[in-house]
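Inspection log for the structure reproduced underneath, given as structure tokens.
Rule-based calculations on the coordinates, nothing more; no lab input. Since we're looking at a predicted model, the values are computed, not measured. Here the Cβ positions follow ideal geometry from the backbone for every residue, glycine too, while neighbour counts run over all protein chains shown.
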């Protein structure tokens with residue numbers, strides 16, 4: 001069983017970093033800033049993380065894993081005729097973490113880049129789907145992977161910034177179908 005104090009402290013520290021990232025760039029944030037915002041001491045911070053980079057890396061890894069699990073579980077459904085409803089369900093699963101994901105999508109550190117990680121996951125899923133799909137296309141495979149990845153990234157940002165609605169999901173479905181015409 002996890003220690004509830006540890007969970008709460010890590011949650012507070014992570015929430016503090018996210019709040020600070022909405023105010024200034026990662027390189028301008030100090031451990032003192034994080035501790036003051038989290039209402040915790042430096043020694044407590046260092047009990048949980050070796051430095052601010054380790055904190056960011058852990059957070060990016062968490063959201064990368066969340067996205068990868070959702071995408072892997074749903075790609076075939078997303079690409080099917082009932083993909084519009086599946087797409088809405090997919091983004092509703094991301095929505096509770098929307099602000100954190102949007103904030104981290106704008107941070108680009110060498111070992112902690114959520115945008116790069118999600119794009120890599122999408123490229124792998126698109127490649128796998130295209131390699132195993134019986135849906136032929138006249139477009140080059142690499143172009144479809146590139147285009148599909150960028151469209152999904154745009155849809156993620158839009159959906160988390162605004163809300164996903166049926167008209168947008170339907171448009172995404174038509175776009176998906178057009179890729180295979």
**OP:** From zero up to wherever the largest Cα-Cα distance of the stretch 104-181 sits, split into 5 Å bins and tell me the percent of pairs in each.
**Re:** 3, 14, 22, 22, 19, 12, 6, 2
**OP:** Using only Cα atoms, find the angle between the long axis of helix 141-161 and the longest principal axis of the chain, and express it within 0 to 90 degrees, rounded to the nearest 10.
**Re:** 50 degrees
Original post:
Hey, what number do you get for the chain at 222 nm if only DSSP H runs of n ≥ 4 count, each worth -39500 (n - 2.57), divided across all residues, to the nearest 500?
Top reply: -24000 deg cm²/dmol
Subject >> Rg(Cα) / (2.2 N^0.38 Å) computed for the stretch 104-145, rounded to two decimals >> reply: 1.48
Original post:
Taking neighbour counts of Cβ atoms within 10 Å as a proxy for exposure, in what order, fewest first, do 133, 159, 43 appear?
Top reply: 43, 133, 159
**OP:** At q = 0.24, 0.27 Å⁻¹, what is the base-10 log of I(q)/I(0) for the stretch 1-49 according to the Debye formula with one equal point scatterer per Cα and no solvent? Please give it to two decimals.
**Re:** -0.83, -0.99
**OP:** Starting with the fewest neighbours, write out 157, 176 ranked by other beta-carbon atoms found within 10 Å of each beta-carbon.
**Re:** 157, 176
**OP:** Could you please rank 33, 150, 27, placing first whichever residue has the fewest other Cβ atoms within 10 Å of its Cβ?
**Re:** 27, 150, 33
Original post:
Taking only Cα atoms, what is the 0 to 90° angle, nearest 10, from helix 166-179's long axis to the longest principal axis of the chain?
Top reply: 60 degrees
**OP:** Take the Cα pairs of the chain, get the Kirkwood Rh, then feed it into Stokes-Einstein at 20 °C and 1.002 mPa s and tell me D in µm²/s.
**Re:** 120 µm²/s
Subject >> Euclidean distance of C-alpha centroids, the stretch 1-74 and the stretch 156-181, integer Å >> reply: 31 Å
